[in-house]
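Working notes for the structure below.
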Amino acid sequence: SNRVEAWTRDVDFLLRQEGRPMVKLTGDKTRVRVMEADWRTTDKAVDWIKEEAVNLTQPFVLYLGLNLPHPYPSPYAGENFGSSTFLTSPYWLEKVTYEAIKIPKWSSFSEMHPVDYYSSYTKNCTGEFTKQEVRNIRAFYYAMCAETDAMLGEVISALRDAGLLGKTILIFTADHGELAMEHRQFYKMSMYEGSSHVPLLVMGPGVKEQQQVPNVVSLVDIYPTMLEIARIPVTQNLSGHSLMPLLREKAENEVSPRRPRPSWVLSEFHGCNVNSSTYMLRTGKWKYITYSDGHSVLPQLFDLSDDPDELTNVAIKFPVIVHSLDKILRSIVNYPKVSSSVQEYNKRQFTTWKQSLGQNYSNVIANLRWHQDWLKEPKKYENAIDKWL
């Protein structure tokens with residue numbers, strides 16, 4: 001489903017690809033382990049630290065990947081629908097302060113950027129939501145975050161009990177955020193802060209306590225950081241830069257990295273729930289988001305110091321800044337060319353997939369995650385695909 005939805009995003013139709021976001025409470029106030037699979041993985045990591053790591057004479061690296069706080073699959077919407085159920089137990093929900101939860105402001109449909117409208121629609125978020133529903137989704141998400149925090153706590157405790165905490169560097173991060181009803185969306189696939197701004201916490205020897213590093217950094221920096229920690233020479237052609245100079249107790253101006261860290265961070269996305277290749281350049285207080293070839297879809301510019309909720313696109317107001325940021329972006333990636341090659345790839349891949357299904361094509365495509373909308377007018381949507389091809 002994900003692949004077909006991404007390949008066909010240039011087709012002139014709107015189809016819901018996700019179940020409507022909703023909340024579900026499970027168990028009672030004694031139910032601590034809601035995401036049991038993640039707890040089992042955490043237990044394995046803890047056991048390994050206690051039984052193996054404690055006896056090692058060489059340094060070790062342990063990677064622990066958790067699925068939380070992703071929303072859970074939504075069985076009510078059919079097996080092909082996405083994961084849109086925010087699930088927790090009363091134990092974790094009690095840890096959330098409801099009064100502190102901010103209800104995000106939404107633009108009216110007429111004011112929404114066309115890509116935002118497409119995303120909101122395909123994520124099944126264009127219907128009516130009460131303030132209570134929105135507050136609940138956000139509260140349950142925070143409760144799921146609290147459960148994730150507890151898993152991290154188990155690892156830290158195991159390292160402390162094994163006498164390893166003082167000589168182990170921990171990095172806690174995520175591959176994306178969660179919009180949790182900001183901009184009338186949930187999930188990810190967006191350049192808004194809720195989706196693209198991820199946690200990045202580091203502790204360990206040589207890392208200054210309680211500091212907040214103001215620099216913008218990227219997940220591509222994690223790899224060279226780990227190489228430096230392991231004292232493995234960093235190759236020169238990496239996109240990322242080690243974070244160690246920013247984390248050490250020395251002031252940054254005392255450190256002379258081999259090459260200067262750029263003042264910007266780049267992100268790009270070419271997947272489902274967004275009907276255009278998307279590029280973000282983040283530098284200082286500015287976030288510049290551009291689409292496709294740079295002019296067929298309007299770009300966005302946000303001043304995050306003045307507008308942290310990213311509700312006012314000031315691209316038309318600051319043409320000089322847009323031009324300057326676009327020039328930097330094009331020097332990093334020729335994004336119109338990339339967008340064009342992605343469009344060609346999507347068509348090619350879809351055609352190959354369609355041919356592989358033969359006679360069965362109509363039935364298979366009608367029953368992907370968008371089945372609820374598609375089955376009302378299947379011929380209309382098939383014709384739209386034929387026209388696109």
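The values are calculated or read from the model by the stated rules, or taken from the named source; none is laboratory data. Bear in mind that the values here come from a model prediction, so they are computed numbers and not experimental data. What goes into the accessible areas is simple: the full protein's heavy atoms, side chains included, and nothing from ligands, DNA or RNA. Shrake-Rupley method; radii C 1.70, N 1.55, O 1.52, S 1.80 Å.
Taking every alpha-carbon pair under 8 Å whose residues sit at least 6 apart, the range 268-389 reaches a relative contact order of 15 percent. Across q = 0.11, 0.14, 0.15 Å⁻¹, the range 304-389 modelled as identical point scatterers on its alpha-carbon atoms has Debye log10 I(q)/I(0) values of -0.61, -0.77, -0.79, in the order of the q list. Surface exposure of the chain, expressed per residue as accessible area with a 1.4 Å probe, stands at 54 Å². Backbone amide hydrogens, once placed in the peptide plane, bring GLN17 within less than 5 Å of LYS123, ASN124, excluding anything fewer than 5 places away on its chain. For the range 17-72, the pair-distance distribution built from all alpha carbon pairs, in bins 10 Å wide starting at 0, is 17, 36, 26, 14, 6, 0 percent. Could you tell me the center-to-center distance, by alpha carbons, between the range 125-179 and the range 287-347 in angstrom? So the two Cα centres are separated by 31 Å. With contacts defined as alpha carbon pairs under 8 Å and 6 or more residues apart, what's the relative contact order of the chain in percent? For the chain, the relative contact order is 20 percent. For the range 223-339, relative contact order (Cα pairs under 8 Å, six or more residues apart, normalised by length) works out to 14 percent.
Divided by 2.2 N^0.38 Å, where N counts the residues, the Cα radius of gyration of the range 187-231 comes to 1.40.
For the range 354-389 and the range 181-195, what is the separation of their Cα centres, given in Å? First find each Cα centre; the distance between them is then 28 Å.
Considering all different alpha carbon pairs of the range 1-151, the Kirkwood hydrodynamic radius works out to 18.2 Å. In this structure, the amide hydrogen of SER89, modeled 1.01 Å from its nitrogen in the peptide plane, lies closer than 5 angstrom to those of THR26, counting only residues at least 5 positions away or on a different chain. In plain terms, the C-alpha convex hull of the range 180-318 casts an average shadow of 10.6 nm² when viewed from every direction.
Ordering THR130, THR8, THR30 by accessible surface, largest first, gives THR30, THR130, THR8; the 1.4 Å probe counts only protein heavy atoms, with every chain in place.
A straight line joining the Cα centroids of the range 95-124 and the range 45-70 runs 38 Å.
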